[in-house]
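J.: Shown below is the structure under consideration.
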Amino acid sequence: MINSRFMRIMIIFDLPTVESYEKKEYRQFRKELIKNGYIMIQFSVYLKSFNHQIKLNDEVIKISKYIPKSGNIRAILLTEHQWANAAFICGDKQINEFVNNNERFNKI
């Protein structure tokens, strides 16, 4: 059974990494995402599970404090049901997707 109390925020981004300062900004942005509880699903796609009471706007404000000067960043809000219905076309789930599922939050 899917628990509707939990949501996910997906951050997808396309950041330039040509110049050395761009590479530094990319690394800092990625490090901040991880520090704030996001896990990498695939390159430039990070996901965070949270209680539905946390608002997307609050997360966007938090992320906007360390965004790079150039590039594109998008935040997408997904319900747990939508995420559970995602199809894996190629490859398997990574270990972090098994560890960071909504079952983990039910124990809290």
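J.: Would you calculate the separation in nanometres between label points at residue 28 and residue 87, each defined as 7 Å from the Cα along the Cα-to-beta-carbon direction?
T.: Placing both labels 7 Å along Cα→Cβ, they lie 4.1 nm apart.
J.: Pull up all non-local amide H partners of residue 41: gap of 5 or more, or a different chain, and H-to-H distance under 5 Å with H placed in the peptide plane.
T.: Under 5 Å from the amide H of residue 41 lie the amide H atoms of 46, 47, each far enough along the sequence or on another chain.
J.: From the phi angles alone, apply the Karplus equation (6.51, -1.76, 1.60; θ = phi - 60°) to region 76-84 and give each ³J(HN,Hα) in whole Hz, x where the residue is Gly or Pro.
T.: 10, 9, 10, 6, 4, 5, 4, 5, 5
Quick note: the coordinates plus some simple rules give every number you see, no bench work behind them. Note that the coordinates shown come from a computational prediction; the quantities given were computed from them, not determined experimentally. Here the Cβ is made from the backbone with ideal geometry for all residues, glycine too, and neighbour counts use every protein chain on show.
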